[in-house]
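Below: one structure, written as structure tokens.
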Amino acid sequence: MNEFVQEHVTGMHIVQAFSRESEEAERFEELNCLHRDANVSSIKAFSIFFPVVEMLSATSVALLLWLGVGGVVSGEITLGEVLQFVLYVFMLYRPIRQLADRFNVLQLGIINADRVFKLMNSDETLKDTGTREDVEFAGKIEFRDVWFAYNDENWVLKGLSFTVEPGSTVAFVGSTGAGKSTIINLLSRFYDFQKGSILIDGVDIRDIKLSYLRENVGVVQQEVFLMSDTLRANVTLHDDDVSDKMIWDAAERVGAADFIRKYDDGLDLNVRERGAMLSVGQRQLIAFMRAYVASPSILILDEATSSIDSESEQMIQKATASISEGRTALIVAHRFSTIRDADKIFVIDSGLVVEFGTHDELIALNGVYHSSFFL
């Protein structure tokens, strides 16, 4: 029930937009009925258990008194011994009553403990086997015969190979599911590939310490996550080395300064959960500011302009050019205007590079790239 409520409060606008309130209310009613029936069953069990325990306790005491009084009269035992055994009976049944009281709590504890142990026993954490922190990160990237699958051998990348020269801006294009975002995730080591190698400046990324790798690779994703905190905290991620001057400089460079100044709180504005106080485009601009102040050696833009209007996109393109200066930049995008000025464009299809070159070179090939934009 808690999970259902949490999901539907968060996604309330989707339910309302598709006029599914009555249907979801019926589903919630079904959950309520199941919860009610479970509670009724629990109460029935208590209503049987407690009287049985009390009857057994009372019967035991009655038998002891009946036998004990006879023994006291005949002189075989003393009254103190009878009372002693009565107390033993109470001591025996008290834990049984308490067990019944704690039965529900015990059940919940067993269920929750099972979930916790399953989580603790799952081996889903990416192992940080790298030790090197001496890589210069000039920005040369090489994928050599890389194979990757999320599940078993359902390969997403199938022997992918390409090279990105230091300081260049490259774009990856292709149909949905071709493997573009997977390339980005592997480079940031959000996942480990099964076969092949990925090199940065000639060093396998698995040999580079994970924290050092990610410090030098900045990512701006399509889905921007903002914490329920101030604008300042969402840009700096609580890095004390980032000053307000650096934040405002980033805001000017990406075109976010004007909308931030409109708020009385400025950088102290609390954006609420997931950035609810900001529009989608504004949240994207905050993500660009976050990447700018981090000053990474390699910049990755994963559909970063998909949620921004044309005017904002122009500002982002200028900011991207500024941020990318002297850095290697990798761009995943579908917008023609975002990729046409890239130094090299890789066309990905079914986990392989099927075409590559500049925009003009690919148009001249009259192949997959040409078909994608000029059908």
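Between amide H atoms placed 1.01 Å from N, distances below 5 Å from residue 355 occur with 347, all of them 5 or more places distant or on a separate chain. Positive contributions from Lys and Arg (+1) and negative ones from Asp and Glu (-1), summed over other residues with Cβ under 13 Å from the Cβ of residue 189, come out at -1. Going by neighbour counts of Cβ atoms within 10 Å, the residues 59, 176, 338, 230 line up, fewest first, as 176, 59, 230, 338.
Annotation note: GluC sites (Glu not before Pro) in segment 200-289 located in DSSP loop regions with a Cβ neighbour count of at most 14 within 10 Å are 223.
Can you match Rg/Rh (Cα atoms, Kirkwood Rh) to one of these, (i) 1.25; (ii) 0.95; (iii) 0.98, based on a calculation from the structure here? Here the calculated entry is (i). Under 5 Å between amide hydrogens, built in the peptide plane, is the criterion, and for residue 222 it picks out 302 among residues at least 5 positions away or on other chains. For the chain, the longest principal axis of the alpha carbon atoms and the long axis of helix 79-101 meet at an angle near 30°.
Could you tell me how many degrees, from 0 to 90 and to the nearest 10, lie between the Cα long axis of helix 244-254 and the main elongation axis, the longest principal axis, of the Cα atoms of the chain? Result, in degrees: 60.
None of the figures in this text is laboratory data; all of them are computed from the coordinates on show. Every value quoted in this text rests on a predicted model; they were computed, and no experiment measured them. All Cβ positions, even for glycine, are placed from backbone atoms using ideal geometry, and neighbour counts span all protein chains on display.
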